[in-house]
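Shown next, in structure tokens, is the structure this report addresses.
The values are calculated or read from the model by the stated rules, or taken from the named source; none is laboratory data. Note that the structure is a prediction, hence the values are computed from the model and not measured. Neighbour counts run over all protein chains shown; Cβ positions are idealised from the backbone, glycine included. Each accessible area value is taken on the protein alone, full model and side chains, heavy atoms only, with ligands, DNA and RNA left out. Shrake-Rupley method; radii C 1.70, N 1.55, O 1.52, S 1.80 Å.
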Amino acid sequence: MNRNEIFASILDMVSEETEISTTEILSRNKSREVVDARHLFIVLLHDAGFYPSQIALSFGMTCRSITYAITNFGNRILCEKILRRNYEKLKKQLGNT
């Protein structure tokens, strides 16, 4: 699978799990649920081997913003039980594919 296919596959998985559209995840929407889904997507891409600079290009964001999302995700899942559950479920699914 190439990078574009991996990107699309993970985006679809996050969208389905969080019930937030792919358009919203990729948007600049700052509602808590959308930001959680976006950060979940970013971390899963990073776990899949994407560099922050590659993720930043795909999102139209700065590399610093992506790095911030990755490094602070641990704190985010401590506060949000559903986000932690979604992350663990999707990470397990991605490990099996």
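Among the residues of the range 21-47 satisfying the criterion of being in contact with a Lys or Arg (Cβ under 9 Å, 6 or more places away or on another chain) and part of a loop (DSSP other than H, G, I, E, B), which is farthest from Met1 (Cα to Cα)?
Asn29
Working only within the range 76-97, note down all residues that are within 21 Å of Asn29 (Cβ to Cβ), open to solvent by 50 Å² or more (accessible area, probe 1.4 Å) and out of contact with any His (no Cβ under 9 Å at 6 or more places or on another chain). Give the derivation first.
Of the range 76-97, the ones within 21 Å of Asn29 (Cβ to Cβ) are 76-77, 79-80, 82-83, 86-87, 90.
Cutting the leftovers down to open to solvent by 50 Å² or more (accessible area, probe 1.4 Å) gives us 76, 79, 82.
The answer is Cys79, Ile82.
Of all the helices (runs of 4 or more DSSP H) wholly in the range 51-97, which have at least 3 residues that are at pLDDT 95 or above, within 13 Å of the chain's Cα centre (by Cα) and among the hydrophobic types (A, V, I, L, M, F, W, C)?
In the range 51-97, the matching helices (runs of 4 or more DSSP H) lie at 63-71.
Starting from the range 1-21, take each residue that is surrounded by 11 or more Cβ atoms within 10 Å (Cβ to Cβ) and list its partners that are not in a helix (DSSP H, G or I), counting only C-beta distances under 7 angstrom and pairs at least six apart or across chains.
Ile6/Ala48; Ile10/Ala48; Ser15/Ser21
Take the conditions open to solvent by 80 Å² or more (accessible area, probe 1.4 Å) and touching a residue at least 60 places away in the same chain (Cβ under 8 Å) and apply them to Lys30. Does it pass?
Criteria not met by Lys30.
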